[in-house]
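Below you'll find the structure, written out as structure tokens, and then a few comments.
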Amino acid sequence: MKDAIRKQILEHVAAEGYTPSRPRQIAKALDIDAEGGGFRDALRDLMDEGRIVTGSAGNVLMPCELQPGGEFIGSYRHNQKGFGFVVPSDPNAHEDLFIPPGNQNGALTGDLVRAKIKEAGKRNGRDSYAGEILEVLERKHSRFVGTLSKVGDNWVVYPDGSAMTDPILTPDAAGKYIKPGTKVVVEITQYPDDTGRFMRGVISEELGKPGEKDVDLKSIIVQHGLPEEFPQEVKDAASEALKALEDPELKANRLDLTGETILTIDPPDAKDYDDAISLRRTDDGLVELGVHIADVSTFVKPGGPLDLEAHHRGNSTYFPGHVIPMLPEVLSNGVCSLQEGVPRFAKSCFIAYDKFGTPIRTAFSNSIISSAKRLRYIEAQAIIDGDETIPHPDGDRKRSDYTADVIELLEGMNTLAKTIQKRRREQGQLVLDLPQIELVLDDEGKVTGTQEEDDAFTHTLIEMFMVEANEASARLYDKLGVPYLRRVHPGPDPEGEERLVNFIRVAGHQLPKDMDRHALQALLGKVRGKPEQFAINLAILRSISRAEYSPKQQGHFALASDNYCHFTSPIRRYADLTVHRLLDDWFKKIGADFKDGPIPAPRGQKKTDLNSPTYDELVELGRHISFTERRSEAAERELKQVKVLELLAEQIGNSFDGVVTGITNFGVFIQVSEYLVDGLCRYEDLMDDWWDVDAKNGRIIGQRSGMKIQIGDVVDAKIINVDVANRELSLSISDVKTRGMKPMPVKEKKKPKKKNKSNAKPRATGTDKRAARSKSRDKRKKDHRRDKKK
């Protein structure tokens, strides 16, 4: 059986015209059960034999594409230790190529390069490849932020972060009267090359001293290449777009919902309200959820200045106390925002549910709404819980301050959300429980502390409704048969799955050989509230690929959804805007008139010729906005890290609870629980012992003390050094406070049997006598065969 599956896989992958695909897609194409042991075992065997390989996106490929001498184009990613990787521009091409130290040819992180594969070998039993960079095709970074220093007679800038690790010569600093220690922006005039010459640059901007207000923010914005001020033509276009709000024709051809009770529920500091909720009971006894989304496509037309700028930015970026919006504030925080008591244009999705929370029918419309109440998450939760005192930023409110319609709507939303949650969990939706914190800043932008993000169910409630609307719009476009920008989330590839299964075993738990979402759900439920919860949730997160935008029909693994897209946040995500434009085209195609209500989605497959981007255009768009999303996330994460490190720099010598998150051959990675920032404890700073490192099983063992430290342990972590510029936190471990996982048994070496020192021979047992007779009989047969040959 396995041999037959192996043959099918090889023939499929080797076939002319094969598009590199993930294992589940291959199983579907071959009509084989992807979760079955036969398919998984056959795939692993082929990988172990080197007959197939997996690429950087987890796609299955033939190994012939990775032979020494082959060249390709990709993006370079540098490591502070001197080596790096080239990520292919085509994510389906092959795996990332390792670039050993000295083979970078002057490439910097992010540069587009031409690379050559030099050698192939084996690592951990799998094929591995190393190469060199032949040419830098395009420089992605021309500006760096760093700290100005004087070394002898030379002025240099030491760049922040890890994109560039070498100093930059800045001879012009001598005439600018800038003091050493100042944060500056450097424009590169000369890049490094294979001759070993240093980078040179000129100082284009002085940001200020480290730690001063907004210096860190400005540094991160420049470092990550984020957009800043909107061009004047974009601001002018935003002001011009406001006229659409007064267009009587646009107002007339909309479903008027201004008399309905509709709510928004958002964080306390939100300014762009892009979603609102309503509920009603239908004539046939179903509950109809209304998800009303800010109608951005009415104001942002394709090809105009607003559209081009939004496409360039890709998404909004949210920093502590600061936002870089995708659209000018006059739109994002003003005319598009679904503010309380103000008529606003919306795109409405109506989903009718049965008593089990299963969607029965869906309809869409252009609408005009007026939010009855703007609520915060904690405020809405207190109302649902029946509290008499309701927390509010402007002072506590009484329950009687809210109308009966608002209270009734919240209670109905709570009931429906829990019913949908139950259905989605039964379908296999994964929900990881990882801690989240919010930084508390003072007026100067410095961190004074942290607070845990509230765990009110209303967060899940809104998230559940948004997922339902996203899925409903994806179902519509599938039925219309048009390509669209999906939100895809592949599951673990075979190697990631193997690492996860091994880690779970080390943690003292088991996953079945045929692992699926339900097995992961059961595991997450089993460890909830236990010391190992954090480590296992983190391991599952690291094992699965990150979600991205693509027209490929790959499904969304974590949400257990076959078809999924983003529909609910067009104010802050360009992907959602493209989906809204498809809806507008559909309305025009069918001549939609909303006076009699929303337009039902077609029930059967119905090919419709909409003015949709081509598949290839959507592939390119998906790559671009996936990049801008990752860029924003990296910048947001780094600014939080910088602000926390600046706070911890004042607390050297203090100890905090930390969770061991990784074991390497050079030290132990620890996440400081109070601030969710990662640090490293090198072995020379780890107690007074020599340590045997078992990275595969995630543990270390002291040779002298026998003490064990492993992933998931809660330790007493002491701060010994903070390097803000290099984003490094050095820790030491003084004690293991809580065991995060069941310690794995250590196999002890078998002791050699003691020799019998007495002259007397040991007495032979019956077993020994039978073994001796058998040995003697075998020897006689062997001698007889030898004599016969002679």
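From largest to smallest, the equivalent ellipsoid semi-axes obtained for region 592-699 from the alpha-carbon gyration tensor read 52, 20, 15 Å. Compute the whole-percent fraction of alpha carbon pairs in region 641-701 spaced more than 17 Å apart. In whole percent, the long-distance tail amounts to 44. The three principal axes of the C-alpha atoms in region 413-552 carry coordinate ranges of 52, 45, 32 Å, sorted with the longest axis first. Only the Cβ atoms of Lys and Arg (+1) and of Asp and Glu (-1) were treated as charged; on that basis the dipole of region 416-476 about its Cα centre amounts to roughly 680 debye.
For region 257-394, the square roots a ≥ b ≥ c of the C-alpha gyration tensor eigenvalues yield an a/c of 1.5 or more together with a/b not exceeding b/c, which makes the shape oblate. Taking 0.36 nm per residue of separation and subtracting the current Cα-Cα distance, fully stretching the chain between residue 62 and residue 189 would add 41.5 nm. The residue among 522, 670, 348 whose Cα reaches farthest toward the positive pole of the charge dipole of the chain, with charges on the beta-carbon of Lys, Arg, Asp and Glu, is 522.
Solvent-accessible surface of protein heavy atoms, probed at 1.4 angstrom with all chains present, puts 379, 132 in the order 132, 379, largest first. Between residue 687 and residue 590, the contour length at 0.36 nm per residue exceeds the Cα-Cα span by 27.6 nm. Close amide-amide hydrogen proximity is noted between residue 662 and 669, each under 5 Å apart and 5 or more residues distant or on a separate chain (H modeled in the peptide plane; Pro and chain starts excluded). For the set 235/398; 140/179; 355/526; 81/140; 81/183; 479/513, the pairs lying more than 32 angstrom apart at their alpha carbons are 235/398; 479/513. Which distance in Å, rounded to a whole number, links the C-alpha centroids of region 176-220 and region 281-295? After rounding, the separation between the Cα centres reads 55 Å.
To the nearest 10, the accessible area of residue 677 is 10 Å² with a 1.4 Å probe. Averaged over residues, the count of other Cβ atoms within 10 Å places the peptides 434-442, 287-295 in the sequence 287-295, 434-442, highest first. Rolling a 1.4 Å probe over the heavy atoms of the protein chains gives the chain an accessible area of 50 Å² per residue. Note on the chain: helix-only mean residue ellipticity at 222 nm, from DSSP H runs of 4+ residues weighted -39500 (n - 2.57) and normalised by residue number, equals -9500 deg cm²/dmol.
Expressed as an acute angle from 0 to 90° and rounded to the nearest 10, what is the orientation of the C-alpha long axis of helix 2-14 relative to the principal long axis of the chain? Around 60 degrees separate the two axes. Note on region 129-246: along the principal axes its Cα atoms extend 65, 45, 24 Å, ordered by decreasing extent.
Around the amide H of residue 561, modelled in the peptide plane, lie the amide H atoms of 556, all under 5 Å away and 5 or more residues distant in sequence or on another chain.
Under the combined filter of DSSP loop state and at most 12 neighbouring Cβ atoms within 10 Å, region 543-632 retains these trypsin sites (Lys or Arg not before Pro): 546, 603, 606, 607.
Average 1/r across all pairs of distinct alpha carbons in region 355-496, invert it, and you get the Kirkwood radius: 18.8 Å. Of interest is the spacing of the C-alpha centroids, which for region 323-347 and region 396-439 amounts to 24 Å. Taking the 1.4 Å solvent-accessible surface of region 177-320 as the whole, the part contributed by carbon and sulfur is 50%. Roughly what angle does helix 533-543 make with the longest principal axis of the chain, taking Cα atoms, 0 to 90 degrees, to the nearest 10? Between the helix axis and the principal axis of the chain, the angle is about 90 degrees. Remark: the residue 177-residue 232 segment gains 16.5 nm on full extension, using 0.36 nm per residue and subtracting the alpha carbon distance. To the nearest 10, the accessible area of residue 586 is 10 Å² with a 1.4 Å probe. Close amide H pairs (under 5 Å, H built 1.01 Å from N) link residue 255 with 366, 367, 368, residues at least 5 positions away or on another chain. Relative to the longest principal Cα axis of the chain, at what angle does helix 615-648 sit, 0 to 90 degrees, rounded to 10? That works out to roughly 80 degrees.
Across the alpha-carbon set of region 516-573, the Rg to Rh ratio works out to 1.07, Rh being the Kirkwood radius. Calculated over the chain, the projected area of the Cα convex hull averaged across directions stands at 48.9 nm².
Sorting 199, 687 on solvent-accessible area from highest to lowest, probe radius 1.4 Å, gives 687, 199.
Each residue of region 320-330 was assigned a 3J(HN,Hα) from its phi angle through the Karplus expression (A = 6.51, B = -1.76, C = 1.60, θ = phi - 60°), giving x, x, 7, 10, 9, x, 6, 10, x, 4, 4 Hz with x at Gly and Pro.
Cβ-Cβ distance of residue 617 and residue 33, R₀ of 41 Å, FRET efficiency by 1/(1 + (r/R0)^6): the value works out to about 0.70.
Please give the FRET efficiency for residue 735 paired with residue 138, using the beta carbon to beta carbon distance and R0 = 56 Å, rounded to the nearest 0.05.
0.65
Each Lys and Arg adds +1 at its Cβ and each Asp and Glu adds -1 at its Cβ; summed about the Cα centre, the chain shows a dipole of about 7420 debye. Label sites at residue 340 and residue 637, each approximated as a point 7 angstrom past Cα along Cα to Cβ, lie 3.6 nm apart. Here r is the Cβ-Cβ distance between residue 244 and residue 434 and R0 is 35 Å; the resulting FRET efficiency, rounded to 0.05, is 0.25.
The values are calculated or read from the model by the stated rules, or taken from the named source; none is laboratory data. Keep in mind that this is a model prediction, so the values were computed, not measured. Because the Cβ atoms are built from the backbone with ideal geometry, glycine has one as well, and the counts that use them run over all protein chains shown. Quick note on the areas: whole protein, heavy atoms, side chains included, nothing else; ligands and nucleic acids left out. Shrake-Rupley method; radii C 1.70, N 1.55, O 1.52, S 1.80 Å.
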